[in-house]
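Visitor: Following this message is one structure expressed as structure tokens.
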Amino acid sequence: MSNVFEIAFTSPPRGSRRSAESVYVQLRAAIVDGRLVPGSKLPGERQSAVFFGVSRNTATRAYARLAIEGLVSSRQGSGTYVASKQNHPPRERFLTQQTPDPRLNSLWSRPELARTLNFWHDGQRTGKQKGAASLDFRPALVDSRLFPFEIFRRVSAKQLRQMELKPPAFKSPQGNQGHFPLRTAIATHIGISRAVVSEPDDVLVTAGAQQAFDILARVLVTPGVTTVAIEDPGYPPMRAAFLAAGARVVPVPVDAQGLVVDALPIPVQIVCVCPSHQFPFGVSMSAQRRMALLNFARKSGAVIVEDDYDGEFRYDGTPLQALRSTSTADDVFYVGTFSKCMLPALRLGFVVAPQWAMPALITAKNCLDWHCPTLTQMVVARFIAEGHLARHVRKLRDVYRTRRDLIREILQSDFSGELSPMQSHYGMHVAAFSTLPKHLERVTARLLGSNVHLHSFERYFFGAPTSEGLVFGYGAIDIDDIEQGLKALRRVL
């Protein structure tokens, strides 16, 4: 493999007796200060005249001194490389408790913003269990082992071949809005699975649901003016996008019927909800509350951001229609994602938006990243159009239903005096309320020592916690691991 060596180097004067010293000093400085990272290949000694302006023997002496200090190592028949471990002191890292530099926008140093984006972090594993496999009950995780990679690979190869035969033009897909076949496939998919009436022109393709929230916040929020109502507890990264945009974020309580509409602040310009499967309680918004919310938005001039993150997974009960419909299309922004029904690594989501907002949304998307990767959009479009997504969702429903039922059965039999699971017909997690006072954050911290990842309600509240409980995600945990993890919880409690 040819070597690429772009380190600035000053060749010693021709005939200098300190040529080897000069090469050694410059290379050592480049290694110590990090310009030559561990694993970097140094120029071959036979190429020393080209790179260093010295003879081969001179370069050999310089390399030998570096090797004695442990800065480089030689590989037989391969060459000389910067050693993987260096003895120089590590660079200073930033500390979150330091006073923010005045050159930064202070918004990004606000502790509540950092907390909302870091809510999945559980800290480091400790104790004897450090190397063991995790028993992961964290919500919104996906079992990638169930994904039909072989089918996806075939679809990808076919689309890549099509791109090779007909390279895409040097322009964004349909004016940054997204690949038209993918928008068509999305409109069809959510029409069948979620009864959302839409056309391809109503759909904006995004890099996951989080970018959808960010774009909506950029477009809908006037910093310091706009009030945004969020469910409390709720999905922390969603509210982070609105906090970052400078909105006044107001928490609104959630009960067994969903968002408490009567508690909405006045005035309010944006209401964010998960009506089908509230995060994290898992309740579905009742028909009366849905009607009250839509009437409230219509009368007050507010818009609704509907997060339907796992609405494809319905196990029982009557199907619930999304808030967005033909009659509410001007008031509701419907956000969906492929991270739960396919793979998070795809980084694809979408917004179904009112036509009055689409030009601004497209401009904001253009400002962020121009458009999502064309090849990925082409592949996902064909994956949906050929029926593979529908078959995969049906498979996941069967697997997740079995896991959900087992968790509920064990909670009802072994934890009946302490935890009361919420009734839930959708999604990828079960919430259970604590019926006795418990320090559940201490419980989850203790479980982490046994590599059991479990979240309490506390980390999802924006305001002061008003209830205690645990969230049992079943998207990425096997049946045997569910039983083992709940036994560990039983011991800790």
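Visitor: Between the stretch 229-264 and the stretch 320-344, what is the separation of their alpha carbon centroids in Å?
Guide: Centre-to-centre (Cα) distance: 18 Å.
Visitor: Output needed: percent of Cα pairs per 20 Å distance bin for the chain, bins running from 0 to the one holding the longest distance.
Guide: For the chain, the pair-distance distribution reads 20, 42, 28, 9, 0.
Visitor: For a quick check: with amide H placed at 1.01 Å from N, whose amide H comes under 5 Å from residue 341's, ignoring anything fewer than 5 positions away on the same chain?
Guide: Residues meeting the criterion, in which the H sits 1.01 Å from N, do not exist here.
Visitor: Could I ask something else about it? Long-range amide H contacts for residue 303: which residues qualify at under 5 Å (H placed 1.01 Å from N, peptide plane, sequence gap of 5 or more or a different chain)?
Guide: For residue 303, whose amide H was placed from the backbone, the distant partners under 5 Å are 270, 271.
Visitor: For the stretch 267-369, which chymotrypsin sites (Phe, Trp or Tyr not before Pro) are both in a DSSP coil and crowded by at most 10 other Cβ atoms within 10 Å?
Guide: On the way: sites: 281, 296, 309, 313, 315, 333, 334, 338, 350, 356; in loops: 281, 309, 313, 315, 338, 356.
Of the chymotrypsin sites (Phe, Trp or Tyr not before Pro), the ones in loops of the stretch 267-369 whose Cβ has at most 10 other Cβ atoms within 10 Å are 356.
Visitor: Between helix 180-194 and the chain, what is the angle of the helix's C-alpha long axis to the longest principal axis, kept within 0 to 90° and rounded to the nearest 10?
Guide: 40
Visitor: Right, here's the next one. Can you compute the charge dipole magnitude of the chain about its Cα centre, using +1 on each Lys and Arg Cβ and -1 on each Asp and Glu Cβ, nothing else charged? Give it in debye, rounded to the nearest 20.
Guide: Details: 58 positive and 43 negative charges, 441 e Å.
Result for the chain is approximately 2120 debye, rounded to the nearest 20.
Visitor: Starting from one equal scatterer on each C-alpha and no solvent at all, send me the Debye-based log10 I(q)/I(0) for the stretch 388-493 at q = 0.19 Å⁻¹, two decimals.
Guide: Cα-only, vacuum Debye calculation for the stretch 388-493: -0.97.
Visitor: For a quick size check, give me the Cα extents of the stretch 179-279 along its three principal axes, largest first, whole Å.
Guide: Largest first, the stretch 179-279 extends 40, 33, 21 Å along its Cα principal axes.
Visitor: Percentage of Cα-Cα pair distances in the stretch 266-317 greater than 18 Å, rounded to whole percent? Present the calculation step by step, with values, prior to reporting the outcome.
Guide: Working: 471 of 1326 pairs.
Roughly 36 percent, rounded to a whole number.
Visitor: Hey, another quick one. For the chain, with the dipole built from +1 on Lys and Arg beta-carbon atoms and -1 on Asp and Glu ones, taken about the Cα centre, which of 296, 375, 419 lies farthest toward the positive end?
Guide: Positive-most Cα among the choices belongs to 375.
Visitor: Expressed as a whole percent, how much of the Cα-Cα distance distribution for the stretch 7-63 exceeds 18 Å? List each step's numbers first, then the result.
Guide: Values: 408 of 1596 pairs.
Here the tail beyond 18 Å accounts for 26 percent of pairs.
Visitor: Another question about this same structure. Under 5 Å between amide H atoms, partner at least 5 residues away or on a different chain: which partners does residue 250 have, H built in plane at 1.01 Å?
Guide: Result for residue 250 returns 228, 229, 230.
Every read-out reported here was derived from the displayed coordinates using simple, explicitly stated rules and does not represent laboratory data. Keep in mind the model is a prediction, meaning the values are calculated, not measured. Every residue, glycine as well, gets a Cβ built from its backbone with ideal geometry; the counts of neighbours run over all protein chains shown.
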